Structure formats: structure tokens, C-alpha cells
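The values are calculated or read from the model by the stated rules, or taken from the named source; none is laboratory data. All of these numbers come straight from a predicted model, not from anything done at the bench. In this analysis, Cβ positions are derived from the backbone assuming ideal geometry, glycine residues included, and neighbour counts consider all displayed protein chains. Note: accessible area is taken over every heavy atom of the protein model, side chains too, but ligands, DNA and RNA are not part of it. Shrake-Rupley method; radii C 1.70, N 1.55, O 1.52, S 1.80 Å.
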Amino acid sequence: MRKRIPVAGPSITELEIEYVSDAVENAWYSDANIYNERFEKAFAEYIGVEYSVSLPSCTSAIHLALAALGIKPGNEVIVPDVTWIASAAPISYVGATPVFCDIDPETWCIDVASAEACITKNTKAIIAVDLYGGMPEWDALAALSEKYGIPIIEDAAEAIGSEYHGKKAGSFGVAGVFSFHGSKTVTTGEGGMLTTNSRDLFIRICFLRDHGRVPGDTSFQNAEVAYKYKMSSLQAALGLAQLERIDELVTKKRKVFSWYERQLSGRGFLSLNVEPENTKNSYWMSSVIISPELKCPKQELIERLRNEFGIDSRPFFSPLSAIPAYRQLGFNSVNRHANLIGKQGINLPSGLQLKEEEASYVCESLLRVIAN
Ligand SMILES: *Cc1c(COP(=O)(O)O)cnc(C)c1O
């Protein structure tokens, strides 16, 4: 029998094993931070920003960004309705209220006009997400931010290696945030990074993530009650090795998408990830939206691919305003494109180990399922 095809998974080589082994042996005492420092420096250089801070997750990076911007109870933060819950949950951690705006039907990212329509006198930040590696209209978002004086946090968790007008994902907001969860293009098992060009924000974040003390403090006179969000040196060693292979990893993601595109594009009833002119998509997840006329909702498609063909896929994110966590808080989705796309999409197997022959099998299986 054919081996089950997983939906995601990393690429680990001798280099990663070598760096992690060295860290577990040597990164202690006064050398405890050597891998974190190398990883952060290399990461900032790759993204093209001044500062980066390694963290235990992307969720903690968003939490710290909101806290450092002073977001508090009574404030509203706009976030696209279709994204992983981690983009929005930290808004509640600081006691603020999420406001869910619609997505663009082409890029699947935040719809700028819808975001503008959500702005009130209480809006204190916008979180824009580079969904599945695709890029929103960053020029229009920058203009919106400028017009209303509202800072934007860029959730680039799914977009390492993506570009907009030649600039890398993670360099557009006041802060960019990344995830190194096991399913992501670059992994440290669990982990995250925050990028910024603002020295003030960088200093505040370093302070907040270490129980409210200034870096190097040994007197234990903490100035504020804050958080403990640090990445271990073993994770940083793994991340550094992955980052040294970033071009290879992004190239593979793009290759996987090209296999799907060759066999699935040009069929009126399917739409795939887009790559508008002047952008580069790093295709974290190759995804398809099935036209509603085919009457093939995502959950049925996923089950049939799994049961009949041994293929693991995932549902496209449902609108957050329609899932139990937010419905029970009184949210109710009114976002048209979020509702349409959220029901009809799936993520295809996009792991870094996927072979061309497996992608072909996925395409044939998918077409057979939707044919009946
Ligand atoms: C994975 C992901 C996160 C959260 O990352 P963690 O490292 O698991 O906290 C946040 N936002 C988006 C869009 C993600 O895909």
C-alpha cells in the first residue's frame, strides 16, 4: 500500500543535527546565548530589518508587540477574519477587543477597504496576515496606517521568504512576527521571532519578555511585572541551521506549488494561491478553493481524500468570527468573502519532503473526488 501523504513536515539535514548537538554540549554559562545571538543577527539580515528577537512562539511575539504598543482594555484591534486563531488570540490577552474584517477574494489576505470601514476612535492597531505565503496590498496598508496614525503588526508566520515589491515579508509593519512551529517552512520545533526597525520597540520588547528587567540585569530589581518569553539555545541552533538553508527551503515550497499549478490551474471550478505582479509567494501551503457549484464542501473533500486515497489535507481557515471560541463571545460573521472562501478551500500536502510523483497522485485523486 502507498505511504500516507502528510500535509506538512520539515526538512532536517546533518547541518541541523550538528548545530543542535553543539548547542546542547556547549551553549551554557557565559556562552548560553551564542546561538540565539547568531540566529537573531542572521534573521534580521535576511529580512532586511535592524532588530530581531527570538521567542518561544509567534503567539508570544504578537502578545509582546501588542503589549509594547500599549494596547489595553477598551482598545480595538482589526484583524482579518480568515487566519489562524493565533493572529487574534493575543488581542484578548491584553484585554482589547478584536474586530474582524473581510479578506480579498484573490490574495486571501486582509481587504484594505474592509479594514478601513472597521476603524473607529478606539482602533489602536491592525494585524495584517501574509496568508499561506501570499501578500496583501502593503502599499495601500501603509497609506491607511499613515492616514489614521494606526500601527500595523505584520503576521508573517506563514510567509518567510515571500516578497512585496522586492522587500521581504516581515519588514512592513512596526513589527513583523514569525512562527517556527513544526509545520512551518523554517522550524525550531516550536519557536518564533519578532522583527522591527524601531529601537524603542526593540528595547521595550526585550524588557517585557524577561520579567521586566533590562538585559544584563543581575540585581533582581524588576521594574515591572511582565512576561517570560525566551527561546532556548537548542531551538536557536536548529533555527540557525534552517536559516542557512532558507533559499533551498523556499525554492522547494515554490516547486511544490508549481507541480500543483501545472495540473490544476486553468480549470474554472478550482482556484489556487495567487502571486500578483511584483510579489513573490513562498507558498507555505499550496491551497485550492473549489467552486460552490460543485457542491463539495471542504470537510467532505478532506475525509474522502483521507479515506479513499490516504492523503492528508487541511481545511482552509474558517472565519474566526464563526468558530465557537468567538461565537460564544457574541461575534457573528458578516464578512462575505471570508464566509465563501472559508467554506470551500483546502490546503494540499505541502511538506518539504513531498515528491513530484506524490503531487501528481494528489491532483488525480482530487479531480476524481470532485468529479463525483
Ligand atoms: C502558525 C501561525 C501563528 C502562530 O504560531 P505559533 O508559533 O504556533 O505561536 C500565528 N499566525 C499565523 C498566521 C500562523 O500560521
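Model label sites at residue 92 and residue 121, defined 7 Å from Cα along the beta-carbon direction, differ in position by 2.8 nm. Look at the alpha carbon pairs under 8 Å that are at least 6 residues apart: their mean separation over the length of region 219-286 gives a relative contact order of 30 percent. Think of the chain as a dipole: +1 on every Lys or Arg Cβ, -1 on every Asp or Glu Cβ, centred on the Cα centre; then among 19, 342, 181, 342 lies furthest on the positive end. When the chain is treated as a Gaussian network with alpha carbon springs shorter than 10 Å, the biggest mean-square fluctuation among 148, 19, 260 belongs to 148. Projected label points at residue 4 and residue 165, each 7 Å from Cα along the beta carbon direction, are separated by 4.6 nanometres.
Solvent-accessible area per residue in the chain equals 44 Å², computed with a 1.4 angstrom probe and all protein chains kept. Pairs over the 27 Å Cα-Cα cut-off, from the set 41/167; 41/147; 72/228: 41/147. Taking max minus min of the alpha-carbon positions on each principal axis, region 194-267 gives extents of 63, 26, 19 Å, largest first. Simple rule: put +1 on each Lys or Arg Cβ and -1 on each Asp or Glu Cβ in the chain, find the dipole, and look at 297, 211, 114; the Cα lying farthest toward the positive end is 297. Under Stokes-Einstein, with the Kirkwood radius over Cα pairs as Rh, the value for region 308-362 at 25 °C and 0.890 mPa s is 184 µm²/s. For residue 173, nonlocal amide neighbours, meaning residues 5 or more places apart or on other chains whose placed amide H falls under 5 Å from its own, are 154.
One chain, two ends: residue 142 and residue 277. Fully extended at 0.36 nm per residue, the span grows by 46.8 nm beyond their Cα-Cα distance. If you run the Gaussian network model on the chain, springs between alpha carbon atoms under 10 Å, then out of 14, 244, 190 the most flexible one is 14. The three principal axes of the C-alpha atoms in region 106-222 carry coordinate ranges of 52, 37, 23 Å, sorted with the longest axis first.
Each residue of region 37-43 in turn: what ³J(HN,Hα) in whole Hz from Karplus with 6.51, -1.76, 1.60 and θ = phi - 60°, glycine and Pro shown as x? Rounded to whole hertz, the list is 5, 5, 5, 5, 5, 5, 5. Largest GNM mean-square fluctuation among 345, 310, 161, using the chain with Cα springs under 10 Å: 310.
Protection proxy ranking of 127-133, 246-252, 222-228, by the mean of other Cβ atoms within 10 Å over each peptide's residues and highest first, is 127-133, 246-252, 222-228. Too long at a 19 Å Cα-Cα cut-off: which of 252/280; 184/252; 295/355; 252/355; 184/253? Beyond 19 Å between Cα atoms: 295/355. For region 271-372, trypsin sites (Lys or Arg not before Pro) meeting the loop criterion (DSSP other than H, G, I, E, B) and having at most 16 other Cβ atoms within 10 Å: 295, 355. Each Lys and Arg Cβ is given +1 and each Asp and Glu Cβ -1; about its Cα centre, the chain then shows a dipole of about 880 debye.
Farthest towards the positive end of the charge dipole of region 32-169, among the residues 151, 125, 95, is the Cα of 95, using unit charges on the Cβ of Lys, Arg, Asp and Glu.
Stretching residue 355 away from residue 218 to a fully extended chain increases their span by 44.2 nm, per 0.36 nm per residue minus the current alpha-carbon distance. A quarter of the convex hull surface defined by the alpha-carbon atoms of the chain gives 19.3 nm² as the mean projection.
For region 232-325, with all protein chains in place and a probe radius of 1.4 Å, 50% of the accessible heavy-atom surface sits on carbon or sulfur.
Residue ranges 62-70, 48-56, 262-270 sort as 62-70, 48-56, 262-270 when ordered by packing (mean number of other C-beta atoms within 10 Å per residue, highest first).
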